[in-house]
Amino acid sequence: RKISNRKTTSVYKADMHTYLKESMLSEMNLRKGLDLNEFELHYQPQVNCRTGEVVGFEALLRWRHPERGLIFPADFIDLAESTGLITPIGEWVIKESTMQINRWKKIGIDNVSISINLSPRHFLHHTLPFYLDKCITEAGIKAEKVVLEITENVALEDQQAVTSRINLLKDMGYAISIDDFGKGYSAFIYLQHFPVREIKIDREFISELGNNSKSTGIVQTIIHLAEMLGLRTIGEGVETKEQWDILKQLGCSDLQGYYFSRPLEVDVINKLFEEYGRG
Ligand code: C2E
Ligand code: CA
Ligand code: CA
Ligand code: CA
């Protein structure tokens, strides 16, 4: 028993050791990736539900790793959050996406907003409001072009801190959007306390539209609730014409999803705009 115990301990230690080594390595790599400018943003169009015209883009983070190729957020966001690197990474995202609005403005792609994903930690960070204003000033754009997406997880933080942060950012002209609405348990607390401009209806409800009458009822209820509260709605993860038709009928404001476009690199978007015009 003693022997087997010792064995377990040493196996555990070895695992722990590799685990720590690997996670430290990745943290170092993540920081290096940031310093070496290996991150990039892809942009997914958001369209008006009635007309289908592009009204904005969501900036989605990618890590172009020299050896491992393109890495998606699912593989590094958690690490970035647990190590605190999410704040400098988020600052890079803000800087890059505000500059992108400026570049698009210069080539005639105007009247589009950019939605930025912010982790709860960064959202509450004391420098965020100053940093945002510094970036929009440098880029020569208005705050109203910038939408800040936060998830329901933010409701796990100090509610008063979140409320006053939302109010401050709102007064500064930024729009706040609740991402993945309906996925967590705190959805309604949000609506009661937080003065947000829009909610993004989680893909899980949208993907069942048409297959499952319950989900149609749920989406309908969310849209009605939003209307009553004067909020905009974005349907996320729209993949079929049928889902678009249903959402149009239900009166959703805007849509996003593979049916319209995957997240695209800037060059691709610029070519599309050149080909199909800017209207
Ligand atoms: P999210 O904010 O909910 O972003 C939408 C995700 O759904 C994106 O995945 C997008 O590519 C994907 N998507 C869009 N349309 C469809 C569709 O029609 N069908 C399906 N199956 N998927 C669709 P992505 O880019 O891999 O991002 C995953 C998550 O990573 C994001 O979820 C967001 O929570 C996080 N994330 C992305 N960029 C950032 C960032 O700059 N900062 C932070 N803190 N988080 C980010
Ligand atoms: Ca999002
Ligand atoms: Ca989402
Ligand atoms: Ca999500």
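The values are calculated or read from the model by the stated rules, or taken from the named source; none is laboratory data. These numbers were taken from a predicted model, which means no experiment stands behind them. Virtual Cβ from ideal backbone geometry, glycine too; neighbours counted across all protein chains shown. The area values use the complete protein model at the heavy-atom level, side chains included, leaving out ligands, DNA and RNA. Shrake-Rupley method; radii C 1.70, N 1.55, O 1.52, S 1.80 Å.
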Residue order for Phe76, Phe260, Phe273 - accessible surface, 1.4 angstrom probe, largest first: Phe260, Phe273, Phe76
Segment 138-189 - percent relative contact order, Cα under 8 Å, separation 6 or more: 50 percent
Mean-position separation - Cα centroids, segment 218-243 and segment 169-203, in angstrom: 13 Å
Leu156-Glu204 pseudo-label distance in nm [points 7 Å out on the Cα-to-Cβ vector]: 1.5 nm
Per principal axis, descending, Cα span of segment 25-134 in whole Å: 47, 34, 26
Shape category assigned to segment 56-208 from the gyration tensor of Cα positions, a/c cut at 1.5: rounded
Cα long-axis angle, helix 2-35 against the chain (0 to 90 degrees, to the nearest 10): 40 degrees
Flagged links, alpha-carbon separation over 32 Å, of Lys106/Lys170; Lys214/Lys271; Lys145/Lys214: Lys214/Lys271; Lys145/Lys214
C-alpha center-to-center spacing [segment 25-39, segment 76-135] in angstrom: 17 Å
Cα gyration tensor shape of segment 46-87, rounded if a/c is under 1.5, else prolate or oblate by comparing a/b with b/c: prolate
5 angstrom amide H check on Phe57, placed H, neighbours 5+ away: Gln46, Ser113, Ile114, Ser115
Percent RCO, i.e. relative contact order, over segment 188-279, from Cα pairs under 8 Å lying at least 6 residues apart: 26 percent
Angstrom value of the Kirkwood radius, inverse mean 1/r, which spans all Cα pairs in the chain: 20.4 Å
Nearest-0.05 FRET efficiency for Lys134 and Val266, computed from C-beta distance (R0 35 Å): 0.95
Using alpha-carbon coordinates, inclination of helix 213-228 to the longest axis of the chain, degrees: 70 degrees
Value of relative contact order over the chain, rounded to a whole percent, pairs C-alpha under 8 Å and six or more apart: 17 percent
Which of Trp104, Trp92 is most accessible, then next, and so on - probe 1.4 Å: Trp92, Trp104
Degrees separating the helix 128-139 axis from the principal Cα axis of the chain, which is the longest one: 60 degrees
Amide proton proximity set for Leu264, modelled H, under 5 Å, gap of 5+: Tyr43, Gln44
Lys170 - accessible surface, heavy atoms, 1.4 Å probe, Å² rounded to 10: 100 Å²
Heavy-atom SASA rank of Ser213, Ser113 (probe 1.4 Å, accessible area, largest first): Ser213, Ser113
Distance in nm between pseudo-label sites at Ser26 and His126 (7 Å out along the Cβ direction from Cα): 3.1 nm
Length gained when the stretch Lys95-Asn211 is fully extended (0.36 nm per residue, less Cα-Cα span): 37.6 nm
Integer Hz, Karplus 6.51/-1.76/1.60 couplings in order for segment 84-101, x for Gly and Pro: x, 5, 4, 6, x, 5, x, 5, 4, 4, 5, 4, 4, 6, 5, 5, 5, 4
